[in-house]
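Worksheet: one structure, shown below.
The values are calculated or read from the model by the stated rules, or taken from the named source; none is laboratory data. Bear in mind the structure is a predicted one, so any value in this text is a computation, not a measurement. All Cβ positions, glycine included, derive from the backbone under ideal geometry; neighbour counts span all protein chains shown. In case anyone asks, the SASA skips ligands and DNA or RNA and just uses the protein heavy atoms, side chains included. Shrake-Rupley method; radii C 1.70, N 1.55, O 1.52, S 1.80 Å.
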Amino acid sequence: MTELSDDELDRYARHIVLPQIGGVGQRRLKAARVVVVGAGGIGSAAIPALTGAGIGRLTIVDDDDVDRSNLQRQWLFRDDQVGQSKAELAAGFAGSVNPTIEIRPVRERIDATNADELLGGHDLILDGSDNFATRLAVSDSSHRLRIPLVSAAAAQFQGQVGLFRGWEAGQPCYRCFVGDAFDNDDCDNCADHGVLGAVSAIAGSFAALLALRQIADIGDEGAGKLFLFDGLSLNFRPIRIPKDSACKTCGGNDAQSS
Ligand SMILES: [Zn+2]
């Protein structure tokens, strides 16, 4: 595995001193290829977290441009950047924070027709897109490609984040949780219902935490649970998602995968 340079030893000193990460974990982060779907409210927290942590190769997929109404929660962007590409701006930000990593912006919208092409070749997918149709297309692709998926969403005062590896025996996929009713639902949750920026940032940071744990291989098993946060009640709770034997993505796969 690739060694760490003097710059990287300085940069990641507060990681390397953690016994659970150390030099081995930091090299795992450096070797990792992560794709972030969506440079919105979730991505605005997750992208800086992954960038700072030293994920070696980061792909940022978003076809959208910055709108003034995004700035309340999408803290990657400045007022004078309204109208510019989110993927390009997020990549520029990441490069200015951590010039040691490779960053690739992709100005495309992911759907079922191009998901495998855009997501293939990565070690982990972090999905912070804002609608069910995209999230389900990304989840189905992650299942086909057998790439661990961290799926994160926020609306109003609630955040929900989970790690899914549905091809493993007994493990659910994201569709086991959501079902099939939303494949054509491309409405923008934020535009419809509103969301507090601090809540989407918690969801994005938590998604980055699940991603870093998975890549560095630290902590208790986190897959197959959905972590729910409510900013009004201040409740935080994990719920275990049962594998749906009738799921059209992962149902009945146990015999092949075990
Ligand atoms: Zn499933």
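Okay, residues lined up against (1) at pLDDT below 95; (2) in contact with a Pro (Cβ under 6 Å, 6 or more places away or on another chain):
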| position | (1), (2) |
| --- | --- |
| 210 | no, no |
| 216 | no, no |
| 227 | no, yes |
| 231 | no, no |
| 235 | no, no |
| 246 | yes, no |
| 251 | yes, no |
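On the stretch given as the range 74-103, residues that are in contact with a strand residue (DSSP E or B) (Cβ under 8 Å, 6 or more places away or on another chain) and of a type in the set (Asp, Glu) total 2.
Has the range 173-181 got any residue that is under 22 Å from residue 49 (Cα atoms), in the same structural domain as residue 73 (by TED's automatic domain parsing) and of a type outside the set (Ser, Thr, Tyr)? Before you say what the answer is, go through the steps one by one.
Here is the first cut: in the range 173-181, the residues under 22 Å from residue 49 (Cα atoms) are none.
No, the range 173-181 contains no residue that is under 22 Å from residue 49 (Cα atoms), in the same structural domain as residue 73 (by TED's automatic domain parsing) and of a type outside the set (Ser, Thr, Tyr).
Taking the criterion of being under 25 Å from residue 176 (Cα atoms), of a type in the set (Val, Ile, Thr) and either open to solvent by 30 Å² or more (accessible area, probe 1.4 Å) or more than 15 Å from the chain's Cα centre (by Cα) (or both), the residues of the range 196-235 that qualify are 199, 202.
Would you point out which residue out of 100, 113 is among the polar types (S, T, N, Q) and under 18 Å from residue 48 (Cβ atoms)? The conditions single out 100. Within the range 79-112, being over 17 Å from residue 38 (Cα atoms) and either touching a residue at least 24 places away in the same chain (Cβ under 8 Å) or open to solvent by 50 Å² or more (accessible area, probe 1.4 Å) (or both) holds for 79, 80, 96, 97, 98, 99, 100, 101, 102.
Of note, residue 76 satisfies the criterion of being open to solvent by 10 Å² or more (accessible area, probe 1.4 Å) and either assigned to a loop (DSSP other than H, G, I, E, B) or aromatic (Phe, Trp, Tyr) (or both).
When the range 12-43 is examined, which residues are found to be closer than 15 Å to residue 126 by Cβ and outside any strand (DSSP E or B)? Once the filter is applied, which keeps residues that are closer than 15 Å to residue 126 by Cβ and outside any strand (DSSP E or B), the range 12-43 yields 29, 32, 38, 39, 40, 41, 42, 43.
Among the residues of the range 133-169, write down those that are open to solvent by 10 Å² or more (accessible area, probe 1.4 Å), in contact with a Lys or Arg (Cβ under 6 Å, 6 or more places away or on another chain) and within 13 Å of the ligand (Cβ to nearest atom). Selection gives 167 alone.
Restricting attention to the range 117-132, and to residues there that are over 11 Å from the mean Cα position of the chain (by Cα) and open to solvent by 10 Å² or more (accessible area, probe 1.4 Å), which single residue is nearest to residue 73 (Cα to Cα)? Lay out the reasoning, then the answer.
Taking the range 117-132 and keeping what is over 11 Å from the mean Cα position of the chain (by Cα), we get 117-123, 130-132.
Next, from what is left, pick out any that are open to solvent by 10 Å² or more (accessible area, probe 1.4 Å): 117-118, 120-123, 130, 132.
Details: 117: 30, 118: 26, 120: 29, 121: 30, 122: 27, 123: 28, 130: 13, 132: 20 Å.
The qualifying residue nearest to residue 73 (Cα to Cα) is 130.
Filtering the range 44-60 to residues that are assigned to a strand (DSSP E or B) and either open to solvent by 60 Å² or more (accessible area, probe 1.4 Å) or touching a Ser or Thr at 6+ places or on another chain (Cβ under 9 Å) (or both) leaves 57, 58.
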